[in-house]
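Notes to accompany the following structure.
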Amino acid sequence: MSYTGPDFEPPQPRRSRLRRPLTVAVAALVPGALLGWGVYAAVGGPDGGGGGDAGHAAGAGASAAPSSDATGSAGGDAKRPAGSSPVPPSGKPSASPSQSAPAAGSGALRGKVVVIDPGHNPANFQHPSEINRKVNVGTHWKECDTTGTATNAGWPEAKFTLDVAHRLRTLLEAQGATVKLTQDGDRSYGPCVDERARIGNEAKADAAISIHADGSGTGNRGFHVILPGPVHDGAADTRPIVAPSAELGKRVAGGFVRVTGTAPANYLGDGTGLVTRTDLGGLNLSTVPKVFIECGNMRDGTDAALLTSGSWRQKAAQGMSEGIVSFLRG
Ligand code: ZN
């Protein structure tokens with residue numbers, strides 16, 4: 001969809017500006033950035049709050065999304081031009097404290113394969129019968145795919161996920177990795193969750209990540225990484241990937257909090273930013289280390305201001321990239 005609206009960069013809440021440097025500074029000093037989260041909470045982290053994982057299955061249905069896409073300010077979400085070199089977008093945060101990632105183009109990840117799964121598909125809502133078809137995810141039968149959620153202003157999760165996937169691909173390719181997307185806005189719907197897993201499996205991915213944003217209640221804020229739990233049922237056997245996926249997830253979460261300064265979810269995961277699930281086909285059917293990341297809650301105005309910011313999405317991708325690089329380098 002073409003962008004026609006004003007180019008806006010939602011203002012960051014004052015509290016975030018104040019606490020981000022502190023969080024980042026502390027996290028940078030602590031091996032294993034997860035320790036930084038406790039400090040985050042101590043300096044005025046997220047409010048408590050109930051609510052559950054809405055599974056972001058609320059029908060977005062919004063094709064006519066208002067243009068809250070601020071990608072123009074941070075490298076854009078345009079598809080990569082053919083033959084272009086994988087140069088990090090200009091929106092890369094210059095003040096990133098992480099020194100763990102090698103310089104762009106160093107080829108540190110040469111020979112490594114990363115599969116990025118941009119959650120949902122912007123056109124899913126046009127294909128209800130196809131995406132509602134049930135597929136076997138090992139433990140049970142589940143819808144092929146869902147529309148995903150949207151901001152209250154109507155910006156779809158599927159556009160968010162694809163934009164972040166493009167940014168992440170650019171960053172990982174700059175490290176020499178071979179990157180494959182499960183969909184690139186090039187399909188009329190889907191793929192189904194079982195195919196999303198199969199793409200990672202057949203690519204023999206060294207790491208796979210499925211990108212999402214949640215659709216929970218107002219006041220529920222923050223990101224979380226979803227790890228596969230042990231499942232051995234039908235076509236699903238996650239036992240070999242539980243441990244490496246947990247390691248991948250912890251590193252992605254650490255990179256995410258370090259670069260974005262965003263707090264872990266205040267509504268699930270007990271403030272750890274990590275949640276284990278056994279009901280997601282995309283994880284249950286994976287035979288390679290894989291995690292989901294819910295980058296924030298699109299239905300919360302404060303989180304939505306971040307999610308619709310191109311510069312914040314660039315940080316989100318950078319955080320994920322640093323976590324993946326750290327995992328792949330061991
Ligand atoms: Zn989603």
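Residues checked against (1) open to solvent by less than 10 Å² (accessible area, probe 1.4 Å); (2) in contact with a Leu (Cβ under 9 Å, 6 or more places away or on another chain); (3) modelled with pLDDT of 95 or more:
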{"position": "Arg239", "(1), (2), (3)": "no, no, yes"}
{"position": "Ala243", "(1), (2), (3)": "no, no, yes"}
{"position": "Val252", "(1), (2), (3)": "yes, no, yes"}
{"position": "Phe256", "(1), (2), (3)": "yes, no, yes"}
{"position": "Asn266", "(1), (2), (3)": "no, no, yes"}
{"position": "Gly269", "(1), (2), (3)": "no, no, yes"}
{"position": "Arg277", "(1), (2), (3)": "no, yes, yes"}
{"position": "Leu283", "(1), (2), (3)": "yes, yes, yes"}
{"position": "Ser286", "(1), (2), (3)": "yes, no, yes"}
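For region 127-155, how many residues meet the condition of being under 20 Å from Thr182 (Cβ atoms), over 23 Å from the mean Cα position of the chain (by Cα) and part of a loop (DSSP other than H, G, I, E, B)? Before you say what the answer is, go through the steps one by one.
Filtering region 127-155 down to residues under 20 Å from Thr182 (Cβ atoms) leaves 127, 130-138, 142-149.
Restricting the remaining residues to those that are over 23 Å from the mean Cα position of the chain (by Cα) gives 127, 130, 132-136, 138.
Adding the requirement that they be part of a loop (DSSP other than H, G, I, E, B) leaves 127, 133, 138.
Of the residues in that region, 3 qualify.
Residues checked against (1) more than 15 Å from the chain's Cα centre (by Cα); (2) in a loop (DSSP other than H, G, I, E, B); (3) within 23 Å of Arg329 (Cα to Cα); (4) among the acidic types (Asp, Glu):
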position: Tyr189; (1), (2), (3), (4): yes, yes, no, no
position: Ile211; (1), (2), (3), (4): no, no, yes, no
position: Ala243; (1), (2), (3), (4): yes, no, yes, no
position: Ala246; (1), (2), (3), (4): yes, no, yes, no
position: Gly249; (1), (2), (3), (4): no, no, yes, no
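Inspect region 307-319 for any residue being among the β-branched types (Val, Ile, Thr) and within 17 Å of His224 (Cβ to Cβ) and give the result as yes or no.
Of the residues in region 307-319, the ones among the β-branched types (Val, Ile, Thr) are 308.
Among the residues that remain, those that are also within 17 Å of His224 (Cβ to Cβ) are: none.
So far as region 307-319 goes, no, none of its residues is among the β-branched types (Val, Ile, Thr) and within 17 Å of His224 (Cβ to Cβ).
To keep it simple, each residue is scored yes or no on (1) closer than 17 Å to Trp312 by Cα; (2) in contact with a Ser or Thr (Cβ under 9 Å, 6 or more places away or on another chain); (3) touching a residue at least 40 places away in the same chain (Cβ under 8 Å); (4) more than 14 Å from the ligand (Cβ to nearest atom).
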residue: Asn121; (1), (2), (3), (4): no, yes, yes, no
residue: Asn136; (1), (2), (3), (4): no, no, yes, yes
residue: Thr151; (1), (2), (3), (4): yes, yes, yes, no
residue: Glu157; (1), (2), (3), (4): yes, yes, yes, no
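Checking Ala197 against (1) surrounded by fewer than 22 Cβ atoms within 10 Å (Cβ to Cβ); (2) over 14 Å from Ser321 (Cα atoms): exactly one of these is not met. Which one?
Single failed check for Ala197: (1).
Determine, yes or no, whether Arg167 is out of contact with any Leu (no Cβ under 9 Å at 6 or more places or on another chain), more than 16 Å from the ligand (Cβ to nearest atom), part of a helix (DSSP H, G or I) and not hydrophobic (A, V, I, L, M, F, W, C).
On the way: out of contact with any Leu (no Cβ under 9 Å at 6 or more places or on another chain): yes; more than 16 Å from the ligand (Cβ to nearest atom): yes; part of a helix (DSSP H, G or I): yes; not hydrophobic (A, V, I, L, M, F, W, C): yes.
Here the answer is yes, as Arg167 does meet what is asked.
Check whether at least one residue in region 293-315 is among the hydrophobic types (A, V, I, L, M, F, W, C) and part of a loop (DSSP other than H, G, I, E, B), and report yes or no. So that I can check it myself, show each step before the final result.
Restricting attention to region 293-315, the residues satisfying the condition of being among the hydrophobic types (A, V, I, L, M, F, W, C) are 293, 295, 298, 304-307, 312.
Imposing the further condition that a residue be part of a loop (DSSP other than H, G, I, E, B) reduces the set to 298.
The answer is yes; a qualifying residue exists.
For region 213-237, how many residues are open to solvent by 50 Å² or more (accessible area, probe 1.4 Å), in a strand (DSSP E or B) and of a type in the set (D, E, K, R)?
Number of matching residues: 2.
Given the criteria among the hydrophobic types (A, V, I, L, M, F, W, C), within 16 Å of the ligand (Cβ to nearest atom), open to solvent by less than 10 Å² (accessible area, probe 1.4 Å) and at pLDDT 95 or above, does Ile209 qualify? Let's see the steps before the verdict.
On the way: among the hydrophobic types (A, V, I, L, M, F, W, C): yes; within 16 Å of the ligand (Cβ to nearest atom): yes; open to solvent by less than 10 Å² (accessible area, probe 1.4 Å): yes; at pLDDT 95 or above: yes.
Yes; evaluated as a whole, the condition is true for this residue.
Assess whether Val288 counts as being β-branched (Val, Ile, Thr) and outside any helix (DSSP H, G or I). Talk me through it step by step, then tell me what you get.
Working: β-branched (Val, Ile, Thr): yes; outside any helix (DSSP H, G or I): yes.
Considered against the rule, which asks whether it is β-branched (Val, Ile, Thr) and outside any helix (DSSP H, G or I), Val288 comes out as yes.
Kindly check whether there is at least one residue in region 98-110 that is touching a Gly at 6+ places or on another chain (Cβ under 6 Å), within 22 Å of Gly310 (Cα to Cα) and at pLDDT below 95.
no
How about region 148-194: which of its residues are open to solvent by less than 10 Å² (accessible area, probe 1.4 Å) and in contact with a His (Cβ under 7 Å, 6 or more places away or on another chain)?
Gly148, Thr149, Glu157, Ala158, Thr161
Restricted to region 170-196, and to residues that are in contact with a Ser or Thr (Cβ under 8 Å, 6 or more places away or on another chain) and more than 15 Å from the ligand (Cβ to nearest atom), which residue is farthest from Arg110 (Cα to Cα)?
The selected residue is Glu195.
The values are calculated or read from the model by the stated rules, or taken from the named source; none is laboratory data. Just so it is clear, the structure is predicted and the values come from calculations on it, not from any experiment. Cβ coordinates were reconstructed from backbone atoms using ideal geometry, including for glycine residues, and neighbour counts include every protein chain displayed. These accessible areas exclude ligands, DNA and RNA; they are computed on the full protein's heavy atoms, side chains included. Shrake-Rupley method; radii C 1.70, N 1.55, O 1.52, S 1.80 Å.
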